[in-house]
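Presented below is the structure to which this report refers.
The values are calculated or read from the model by the stated rules, or taken from the named source; none is laboratory data. Small disclaimer: the values here were computed from a predicted structure and weren't measured. Here Cβ is always computed from backbone atoms with ideal geometry, including for glycine, and neighbour counts include all displayed protein chains. For accessibility, only protein heavy atoms count, side chains too; no ligands or nucleic acids. Shrake-Rupley method; radii C 1.70, N 1.55, O 1.52, S 1.80 Å.
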Amino acid sequence: MGHTDGVPDVFDPRIYATGIPHDRFRILRDHHPVARQEEYEVLGWPAGPGFWAVTRHADVVRVLKDTAGFSSYLGATQIRDPDPADLPFIRRMMLNQDPPHHGRLRRLVSRAFTPGRIERFAETVRRRARELLDAARESGEEVDLVRAVTDDYALLNLTDLLGVPASDRGLLLAWTERVIAYQDPDEPPVLDAEGRPVNPRSPAMLAEMFAYAQELAAHKRRHPADDIMTTLATGELRDAELEMFFFLLTVAGNDTVRSAAPGGLLALAQNPEQRRELWSGKVGMDTAVDELLRIHPPVLSFRRTAVRDTELAGVPIAAGDKVVVFHASANHDERVFTDPHRLDLARTPNPHVSFGDGPHVCLGAHFARLQLRILYEEVRDACAGLELAGPPRRLVSHFINGIKSLPVRVEPYAPRG
């Protein structure tokens, strides 16, 4: 589906298989900062009522901060409307709540995400990065970093932090894949009796994961440990809230790093001069992590619903309208970022919205940054050079900025001694 009235389409998940559609976002930012988008039938999913695409940084931040005007609760946070029968269930998740209810859950969970606990994981995370990279390098000069390193890195770090036993890690990966990759043709859809795709976020699809969360919680009450599930299981969460948290942490916690890590490595491979500045220590790792997140945000879009008639960037919006913010566009807004398509690992200030903004700003941002920083440090120490050995393969999704494969040639350091 092409452009209507000169307004580019940014809805079709297939567009994103070739990368972020920067040319389309630029036209929207410059000429249609709040643009009407058709929500036609695509990949077997039924048509919807359409939505407003918000592409400028200032407007994205406004929508994310104004929870009284733009709700996460009314229609949840995915572009596609959930089945009305599933909505009450989906609303149990913190992501799909508004203040003040959102605040109670957020407080309970932020107690589990203490900076101290996360720092204690740094050693394990570093050891894991090193082991995965060593194994990848031994397999030859050419390696798919997604398959060999970043997928396992993200999943295993998360399962450690949650406290999931090693034998159960494969389950978490299968559940995450099902929820995140459902628009991708490589991931076979789950169909109902009439042959229609089933929403992976529906109660039926999540029953198995929820039963597991309760079993794990019961285990943690008997055998407490220094992990997030112990804190949640022994806290004030109700059963249904605990299940939803397990779902949120499993999917959001795995997939953000799983998308951001190869995205950052891809940007480094494509920008050898900047990579050399980082490798030589001329550029600090912390600003580099943020710039790599700006260039490759793990999440492309988030949906809100207008609570009342309002206007945004001069465009009237009716109560009940869907409003979708595009992080990837906001992060490349010329009004905020000088030369936004240039990778500048020393860029500061860098007010990217890759972790969102407002009360829903990513709870695990600190853990994500730590994992990314350590991974890039270990890649720097293991590989003198990094260059693409073929085109990366991307996820077909307008939600997750995923990379399914990243073939690189690794230049090893000369042997020491």
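The table for this structure:
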read-out: Test: Arg196 is at negative phi and at pLDDT 90 or above; value: no
read-out: Residue within region 59-70 that is more than 20 Å from the chain's Cα centre (by Cα), part of a loop (DSSP other than H, G, I, E, B) and of a type in the set (Ser, Thr, Tyr) present; value: yes
read-out: Qualifying residue in region 43-51 (condition: modelled with pLDDT of 95 or more, buried (at least 20 other Cβ atoms within 10 Å of the Cβ) and under 25 Å from His341 (Cα atoms)); value: no
read-out: Matching residues in region 380-414 - criterion: being in contact with a Lys or Arg (Cβ under 8 Å, 6 or more places away or on another chain), closer than 12 Å to Glu141 by Cβ and open to solvent by 20 Å² or more (accessible area, probe 1.4 Å); value: Glu387, Ala389, Pro412
read-out: Count - residues of region 365-402 that are in a loop (DSSP other than H, G, I, E, B) and either farther than 24 Å from Ala135 by Cα or out of contact with any helix residue (DSSP H, G or I) (no Cβ under 7 Å at 6 or more places or on another chain) (or both); value: 11
read-out: Of all residues making up region 165-181, the number that are touching a residue at least 12 places away in the same chain (Cβ under 8 Å) and either farther than 19 Å from Leu232 by Cα or in contact with a helix residue (DSSP H, G or I) (Cβ under 6 Å, 6 or more places away or on another chain) (or both); value: 10
